[in-house]
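Let me begin by presenting the structure, written as structure tokens, before commenting on it.
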Amino acid sequence: MDLKEIIDILGKENVFIDEDTIKKYSHDENSKLNFPPEVVVKPKNKYEISSILKFANMKKIPVTPRGGGTGLCGGAVPIHGGILLSLERLNKILEIDKENLVAVVEPGVITQDLKKEVEKQKLFYPPDPASADSCSIGGNLATCAGGVRAVKYGTTKDYVLGIEFVTPTGEILNYGGKILKNSAGYQIINLIIGSEGTLGIITKIFLKLLLLPEYKILLFVPYSDINDACKTVYKIFESGIVPSVVELIDQRAIELTEKLLKRNISYSNAKVYLLIEIDGKQENVEKYSQIVGSICMNERAIDVIVCEDYSQQERLWEVRKNISEAIKNYAKNQEIIDACIPRSEIYKLVNVFNEVSKEYDVEIIYFGHAGDGNIHTHIIFDNTSNEKIELILTKLFNKVIELGGTITGEHGIGIAKKKYLSLMMNDKQIQIMKEIKKVFDPNNILNPGKIFDL
Ligand SMILES: Cc1cc2nc3c(=O)[nH]c(=O)nc-3n(C[C@H](O)[C@H](O)[C@H](O)COP(=O)(O)OP(=O)(O)OC[C@H]3O[C@@H](n4cnc5c(N)ncnc54)[C@H](O)[C@@H]3O)c2cc1C
């Protein structure tokens, strides 16, 4: 590739071809998927991005957008080489509009930085992926990220009021803004959300904010039987209470995290735990926590630990947020899936984990967002062949679909799950997506090879 034109657009200091940079941007958090770009570029605004895309489109060079690089399915991995376009310099919070409860941000803003900034003004941006301290808002939009509070507050898509993006052919387009309603034509914003960087590069985002809940209580609840924990989850919703968090964590995930953090919180006879947060007005939170505690005990919880103290809550959150890291440290090889099923079916899926684990001699560790049925599953193996992994994933995904679920609740398809998309979508459904891609990107230069092959 001739770099002269790229250097003319961005300046030499923002164009990288050195070995260390190329290596760093060859993968995301799914370290098995490794493809080097030819060049890494770091533009500072939409005009530079537009010029790069016009150039790449003319020369038919692949361009892969990248936010924080925390994705788990290879979405930001430049599978066809070319230009890796990092959004890290577009990292400004442009406005926090208290009157309209809207934040206007650039895509490279780190999710946790936005959350902290709005909290200073007693405002709340609810989407809360466990990777919040390193993922970007742009990446969150592109994957439609969820997180621990989706059960009450929804996912990223529920907070996007407007976007600006650059098309693969270089036009800069704006949709929506500081408005809560908009029925003008197709909902293009929702098409860009979850498009995994294949339809456009997001350069500005208008996000809905809420008022920060006054008070929170966190419950940590061990169970000796997974069925009791699963039953508790839907019993809580039946009672009319909607907790802000309902997480399920299996004993093995807790053990590994205890080891990583050198801390002891597990119960010797527990098989699984629920982590439940109730938020809102203090008097309601206290009342609802008692009701939820009773529901847990009625469903044969071993104990209910009630954490009112915020530093105690932070220590529990530290455990939850370090589970992935703890499993990564332990596992030689792993496949991560984030299937989402109706929450009433979770115990059936866990039974299938047990069957698959025995049949194929692999370890399966699970945890995640039980309140919305989005269970993160780590399949751990030593020297298993690719064919065997494919058999395992196909079996699990078929069960997920049979239970009325989706093969990914929040991580996306990327490269890792591309071959399984046809398990849940027929040819026509995939063809519609391909036609949409062609309208936006006639030369297939933007993040080619993701979600499906053209
Ligand atoms: C420890 C850990 C915990 C996690 N927990 C959660 C969780 O609770 N919930 C959850 O949903 N996910 C979770 N994830 C996955 C990941 O953090 C999310 O998918 C996140 O949204 C990715 O954001 P990113 O900025 O890192 O994007 P990247 O990994 O850089 O990119 C992801 C995709 O977005 C595209 N993209 C990035 N920026 C733009 C842009 N400006 N315009 C267009 N396309 C763009 C890329 O091309 C790619 O396809 C977790 C990951 C880790 C490692």
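The values are calculated or read from the model by the stated rules, or taken from the named source; none is laboratory data. From a predicted model like this one, the values you see are computed outputs, not experimental measurements. Because the Cβ atoms are built from the backbone with ideal geometry, glycine has one as well, and the counts that use them run over all protein chains shown. Accessible surface is based on the protein model in full, side chains and every heavy atom, while ligands, DNA and RNA are left aside. Shrake-Rupley method; radii C 1.70, N 1.55, O 1.52, S 1.80 Å.
Note on LYS12 and LYS259: the extension gain reaches 84.4 nm, defined as 0.36 nm multiplied by sequence separation minus the Cα-Cα distance. For the chain, the convex hull spanned by the alpha carbon atoms encloses 150 Å³ per residue.
The residue among ASN190, TYR310, ILE236 whose Cα reaches farthest toward the positive pole of the charge dipole of the chain, with charges on the beta-carbon of Lys, Arg, Asp and Glu, is ASN190.
Principal-axis analysis of the Cα atoms of the chain puts helix 386-402 at an angle of about 70° to the longest axis.
Against the chain, whose longest principal axis is taken from its Cα atoms, helix 346-360 shows a tilt of about 80°. Taking the protein heavy atoms of region 52-192 in the context of the full set of protein chains, the accessible area attributed to carbon and sulfur is 51 percent at 1.4 Å.
Full extension of the chain between LYS438 and LEU210 gives 78.4 nm of extra length, using 0.36 nm per residue less the Cα-Cα distance.
What you get for region 62-107, charging only the Cβ of Lys and Arg (+1) and of Asp and Glu (-1), is a dipole of about 220 debye around the Cα centre. Excluding ligands, DNA and RNA, the accessible surface per residue across the chain is 44 Å² with a 1.4 Å probe.
With coordinates expressed along the principal axes, the C-alpha atoms belonging to region 234-281 extend over 37, 23, 13 Å, beginning with the largest.
Compare the peptides 305-313, 26-34 by average per-residue count of other Cβ atoms within 10 angstrom and give them in order, highest first.
Numbers: 305-313: 14.0, 26-34: 17.6.
The densest-packed peptide leads the list: 26-34, 305-313.
Mind ranking 115-122, 231-238, 138-145 by how tightly packed they are, going by the mean number of other C-beta atoms within 10 angstrom, highest first? Let's see the in-between values first.
Details: 115-122: 13.8, 231-238: 18.4, 138-145: 29.2.
Output ranking for 115-122, 231-238, 138-145: 138-145, 231-238, 115-122.
If you take the C-alpha gyration tensor of region 119-195, multiply each eigenvalue by 5 and take the square root, what semi-axes do you get, largest first, in whole Å? Please report the intermediate quantities before stating the final value.
Details: eigenvalues 106, 48, 30 Å².
Computed over region 119-195, the values are 23, 15, 12 Å.
Summarise the accessible area of region 403-454 (1.4 Å probe, protein heavy atoms) by the percent that is carbon and sulfur. Intermediate values should be presented prior to the final figure.
On the way: 1290 of 2350 Å².
Looking at region 403-454 in its full context, I get 55 percent from C and S.
Shape call for region 320-454 from the C-alpha gyration tensor, a ≥ b ≥ c root eigenvalues: rounded (a/c under 1.5), prolate (a/b greater than b/c) or oblate? Walk me through the numbers before you get to the answer.
Numbers: a/c = 1.84, a/b = 1.60, b/c = 1.15.
Prolate.
By accessible area, using a 1.4 Å probe on protein heavy atoms only, region 201-334 has 47% of its surface on carbon and sulfur.
Peptides 151-157, 410-416, 273-279, 386-392, ordered by how many other C-beta atoms sit within 10 Å of their residues on average, highest first, read 273-279, 410-416, 151-157, 386-392. Determine the shape class of region 32-91: with a ≥ b ≥ c the square roots of the Cα gyration tensor eigenvalues, call it rounded for a/c under 1.5, and otherwise prolate if a/b is greater than b/c, oblate otherwise. Here region 32-91 falls in the oblate category.
In degrees from 0 to 90, rounded to the nearest 10, what is the angle of the helix 310-321 Cα long axis to the longest principal axis of the chain? Around 60 degrees separate the two axes. Let me check I've understood the local charge: for THR384, count other residues with C-beta under 12 angstrom from its C-beta, Lys and Arg +1, Asp and Glu -1. What total comes out? That sum, taken over residues with Cβ under 12 Å, equals -4. Annotation for region 265-340 versus region 224-250: alpha-carbon center distance of 11 Å. The dipole here belongs to the chain: it is taken about the Cα centre, uses +1 on the Cβ of Lys and Arg and -1 on the Cβ of Asp and Glu, and is about 700 debye. The relative contact order of the chain, computed from alpha carbon pairs under 8 Å that lie at least 6 residues apart in sequence, is 16 percent.
Given LYS231/LYS348; LYS235/LYS262; LYS332/LYS388, which pairs have Cα atoms separated by over 23 Å?
Numbers: LYS231/LYS348 12 Å; LYS235/LYS262 34 Å; LYS332/LYS388 16 Å.
Violating the 23 Å limit, Cα to Cα: LYS235/LYS262.
With 26 Å as the limit, the listed pairs LYS157/LYS434; LYS24/LYS259; LYS24/LYS321 have LYS24/LYS259 beyond it between alpha carbons.
Considering the options VAL350, LEU248, GLY81, tell which one lies farthest towards the positive end of the dipole of the chain, charges being +1 on Lys and Arg and -1 on Asp and Glu at the Cβ, about the Cα centre. Towards the positive end, the residue furthest out is GLY81. If a paramagnetic tag sat 7 Å from the Cα of LYS98 along the Cα-Cβ line, which residues of region 115-140 would have the backbone N under 16 Å from that point? Flagged as within label range: 117-125. Distant-in-sequence amide contacts of GLY280, defined by a placed amide H-H separation under 5 Å and a gap of 5 or more residues or a different chain, comprise GLU214, TYR215. Projecting the Cα atoms of GLY147, ALA103, ASN444 onto the charge dipole of the chain (Cβ charges, centred on the Cα centre) puts ASN444 farthest toward the positive pole. For the pair SER357 and ASP133, label points projected 7 Å from Cα toward Cβ lie 2.9 nm apart.
Each residue of region 295-306 was assigned a 3J(HN,Hα) from its phi angle through the Karplus curve 6.51 cos²θ - 1.76 cosθ + 1.60 (θ = phi - 60°); the sequence is 4, 4, 5, 4, 9, 6, 5, 6, 6, 10, 8, 9 Hz, with glycine and proline shown as x.
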